2 protein chains.
Amino acid sequence: MNTLSYGLLSAISIESCSGYDLIERMKLFWKADHSQIYPILGKLESQGYVRHESVKQVNKPDKKVYFVTDSGIEVLKKWMAEPTSEPVIRDEFALKMHSISMFDEEQTIALLKERRALYEQRLADLEARNERLRLKREAYGEDDSGIPTQFLGPFFLLEREILNAKTELKWCDWALEHLGTR
Amino acid sequence: MNTLSYGLLSAISIESCSGYDLIERMKLFWKADHSQIYPILGKLESQGYVRHESVKQVNKPDKKVYFVTDSGIEVLKKWMAEPTSEPVIRDEFALKMHSISMFDEEQTIALLKERRALYEQRLADLEARNERLRLKREAYGEDDSGIPTQFLGPFFLLEREILNAKTELKWCDWALEHLGTR
DNA sequence: TCGTGCATGTAAGCTGTTACATGATTCC
DNA sequence: GGAATCATGTAACAGCTTACATGCACGA
């Protein structure tokens, strides 16, 4: 059981889903390819932490919908009580930004504008996710606070990613402005 | 030549330094252990992109100070013109936050407070780095805009990390407040 | 004397990426 | 007719982590 295994278990525990769905869901906080996810799902199943049902779809291939078992929930709870490792960031943009003194100013501006576009796209994706979550929330029925319990985590995390994306955009604008006034 | 190799080259190009120094410098945007850095420095040297001088120190072990060669600068410039890959984030905290519905509220609060403490520490580190950079800037002499060219990248990036840390702290407070009012 | 910081290095093993594979449907 | 989306899987390789290894100086 590595961190990704727990992460997949954690995601499935909120709402049963397929491996394909997990790729999309994980994307926000843990980069993982399908070639990593499918084998782990197999292992989780052989360990008895998840099970799956094959679901037929119209005009789409069948999918395996995974759900967490009682023993899966047990290991999830144990993991959550253990120390949490620090976030790992690997950002090639930052490495390039580091030595902009090697660039022409035009190239630096291009690098920053590309970054800006990336985060604008990301923000749009996040807002779309937020809307989907709102609809799901309504479908499941709201509790006192307006958020059904199992969607509280995703709600908090989406808000966080939106704040982060907005901060990144602000920083891009600040940097571009700073270059302009040099 | 992988991304980290270019990253090290990029960092050395701003200011010659040892492998040990690079560990500290890289930390902000690209997690890398010394066991990864030292062998790469050897490869960069055998390829002729960097060279080193052994420097004796008082009450400290000798160190190898690396500097970039002309051919190193050439490959750096080529890399900078190539497409930039998207940032990779792997954050165990987010995976746990995802399924807080499995937690007691107390555990969730503890998780958030731990995160808050981490980023408060990080912000303090960043402010300290900022002060060190300011002193270095003065030592090297300032240009028209107040930032010597080679430190413009680090200056921009530090500002970005400070904004990010402050945003994370704001989010932690918001989440804790939200839990309190449920 | 024990831990921490400075400073460099190697090796084994686990994790993650890229490429190979298949196949239906939908949109341009 | 070709590209994109949905959906799942395997294999080879590259990258990263953990552990092993050394040694001096300094403070508690």
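The values are calculated or read from the model by the stated rules, or taken from the named source; none is laboratory data. All values reported here derive from a predicted model rather than from experimental measurement. Note that we place each Cβ from the backbone using ideal geometry, even for glycine, and neighbour counts take in every protein chain shown.
Applying the selection to the stretch B:90-103, what residues are assigned to a loop (DSSP other than H, G, I, E, B) and among the charged types (D, E, K, R)? Within the stretch B:90-103, just B:91 meets the criteria. Within the stretch B:123-155, restricting attention to residues that are aromatic (Phe, Trp, Tyr) and touching a Leu at 6+ places or on another chain (Cβ under 9 Å), the residue that is modelled with the lowest pLDDT is B:151. One residue is enough: does the stretch A:104-116 have a residue meeting the conditions within 12 Å of chain B (Cβ to nearest Cβ), more than 26 Å from residue B:31 (Cα to Cα) and either within 14 Å of the chain's Cα centre (by Cα) or not in a helix (DSSP H, G or I) (or both)? Checked against the condition, which is being within 12 Å of chain B (Cβ to nearest Cβ), more than 26 Å from residue B:31 (Cα to Cα) and either within 14 Å of the chain's Cα centre (by Cα) or not in a helix (DSSP H, G or I) (or both), the stretch A:104-116 yields at least one hit. Taking the stretch B:28-77 as the range and being more than 8 Å from DNA strand C (Cβ to nearest atom) and either closer than 30 Å to residue A:85 by Cα or among the acidic types (Asp, Glu) (or both) as the test, the residues that pass are B:28, B:29, B:30, B:31, B:32, B:37, B:40, B:45, B:53, B:70, B:74.
Restricting A:44, A:28 to those that are more than 7 Å from chain B (Cβ to nearest Cβ), surrounded by 12 or more Cβ atoms within 10 Å (Cβ to Cβ), over 30 Å from residue B:9 (Cβ atoms) and modelled with pLDDT under 95 reduces the list to A:28. Looking for whichever is within 12 Å of chain B (Cβ to nearest Cβ) and of a type in the set (A, V, I, L, M, F, W, C) here; the options are A:50, A:55, A:68. Which one fits? Going through A:50, A:55, A:68 in turn, just one is within 12 Å of chain B (Cβ to nearest Cβ) and of a type in the set (A, V, I, L, M, F, W, C): A:68.
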